[in-house]
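The values are calculated or read from the model by the stated rules, or taken from the named source; none is laboratory data. Note that this is a predicted model, so its numbers are computed, not measured. Neighbour counts run over all protein chains shown; Cβ positions are idealised from the backbone, glycine included.
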Amino acid sequence: MKKISIYAILFGLTFVGSANALQYSYGNSNFKLNASGSAGIIEPKFKDTLFLGDFELGARYTYAITDSQKLGLVYEYDADSIDENDFAHDAFALWEMRGVGRIEAGLTESAAHKLGVGIPDVGGLRIYNKPLFYKKILPRGNIIPNTSVTTGHDAPRVNVVTAATDAGQYGLSVAAFGDDYDYAIDGGVKFRFPDGKLKSALSLGASFMDKPHGFSAATYAPDIYADWRVQGSVGYNLQYNSWIWGTSAVVIYDENPIGTAGDGISAGTGISYDLLNYSVSLSYIYSHTGLWHEYMEKYREHTVVGSVRYKYDEYVSMWLSIGLITETPFVTAAMKLEF
């Protein structure tokens, strides 16, 4: 009940602010606030109506040292922060150099994760990253909730990411001193091909995590204990006019895992189409854990989600999704407000 009240209050604040985006500049300084919130319902097996909510609140301050360099601070709080009992999803400082790249230091996702390419979905269910419906429909076994490399956002981290050029965009991360592992090193690259009617992007990511001891990719994913963890991911999307197709996958291996298996593969694909104020999409995700260890229980999960969205204006949209998680069909609908 407490969590529902928190969502309701934050959703109300988002509604009040949606018509008045906050941005203020003074001299070389710029302040910006952004917010988005979704509130609706989900019905597992088309009964037992449950509340479903999601939100993001963010603040950003930048100071222009020169015309081509900026220093900044970024803070973001969201629904995932509540689920994980964190004070922030993002809390980091940055140094940005136009045409060169940026350096981030603090609590945030890795460069490999940020450079990943996701699966098209016009609903608000976070298909590509920690799917929202698993908070209400708990999987029967352990799943991999992302199709990209992830090492969390709870350990102090340094990200170095180059500017996007014709040769691609590259990123490297180092994280340490957290509670869930000794250290992690992540790398990622993204290539964009924006010329002509066909536009596409390709991403590759890799990660090494030393001695995970209680690391979890989501509240509904298992805590991992192992000697080390390696991950590799690939993502690709293709756009033609109003059509977008995308696919992504991650492969995870844990050395000498203890307890419940949390490694394996997660892969998905999706397609979306925009027509005037309407958008439709169809997505599929497959997760298979315990794949590499004979003595551990294996678990497979199939998820299919179809969504339709109506965008009233730049601030207000409504979406409806119908899905199937192995043996559990569901329907969910919500309104989203953002600025």
In segment 165-187, the residues that are surrounded by 15 or more Cβ atoms within 10 Å (Cβ to Cβ) and within 19 Å of Met97 (Cβ to Cβ): Gly168, Gln169, Tyr170, Gly171, Leu172, Ser173
Could you please find all residues in segment 307-339 being among the polar types (S, T, N, Q) and in a loop (DSSP other than H, G, I, E, B)? Thr326
For segment 55-94, the count of residues that are crowded, with 16+ Cβ neighbours inside 10 Å and within 24 Å of Ala167 (Cα to Cα) equals 2
Expected output for segment 190-219 (first residue farther than 22 Å from Ser248 by Cα and modelled with pLDDT of 95 or more, partner in a strand (DSSP E or B) and charged (D, E, K, R), Cβ below 6 Å, 6+ apart or cross-chain) is Pro212/Arg229
Quickly run through segment 109-150 and pick out the residues that are on the phi > 0 side of the Ramachandran plot and not charged (D, E, K, R). none
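The rows are residues; the columns are (1) touching a Phe, Trp or Tyr at 6+ places or on another chain (Cβ under 7 Å); (2) free of Cβ contacts under 8 Å to residues at least 24 places away in the same chain.
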{"position": "Thr66", "(1), (2)": "no, yes"}
{"position": "Lys70", "(1), (2)": "yes, no"}
{"position": "Val74", "(1), (2)": "yes, no"}
{"position": "Ile82", "(1), (2)": "no, no"}
{"position": "Ala91", "(1), (2)": "yes, yes"}
{"position": "Trp95", "(1), (2)": "no, no"}
{"position": "Lys114", "(1), (2)": "no, no"}
{"position": "Ile127", "(1), (2)": "no, no"}
Gly262 being crowded, with 19+ Cβ neighbours inside 10 Å, modelled with pLDDT under 95 and on the phi > 0 side of the Ramachandran plot: no
Let me spell it out: the conditions are (1) within 22 Å of the chain's Cα centre (by Cα); (2) closer than 30 Å to Asp195 by Cα, and Val305 meets all of them except one. Which number is the exception? (2)
Could you go through segment 135-144 and let me know if any residue there is touching a residue at least 24 places away in the same chain (Cβ under 8 Å), surrounded by 23 or more Cβ atoms within 10 Å (Cβ to Cβ) and among the small types (Gly, Ala, Ser). no
Ile103 being in contact with a Leu (Cβ under 9 Å, 6 or more places away or on another chain) and among the aliphatic types (A, V, I, L, M): yes
Among the residues of segment 239-246, are any of a type in the set (Val, Ile, Thr) and either surrounded by fewer than 16 Cβ atoms within 10 Å (Cβ to Cβ) or closer than 30 Å to Gly259 by Cβ (or both)? no
Among the listed residues Gly262, Gly268, which satisfies the condition of being within 17 Å of Gly116 (Cβ to Cβ) and small (Gly, Ala, Ser)? Gly268
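To keep it simple, each residue is scored yes or no on (1) modelled with pLDDT of 95 or more; (2) surrounded by 15 or more Cβ atoms within 10 Å (Cβ to Cβ).
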| site | (1), (2) |
| --- | --- |
| Ser272 | yes, yes |
| Leu276 | no, no |
| Ser279 | yes, yes |
| Leu282 | yes, yes |
| Trp292 | no, yes |
| Tyr295 | no, no |
| Tyr299 | no, yes |
| His302 | no, no |
| Gly306 | yes, yes |
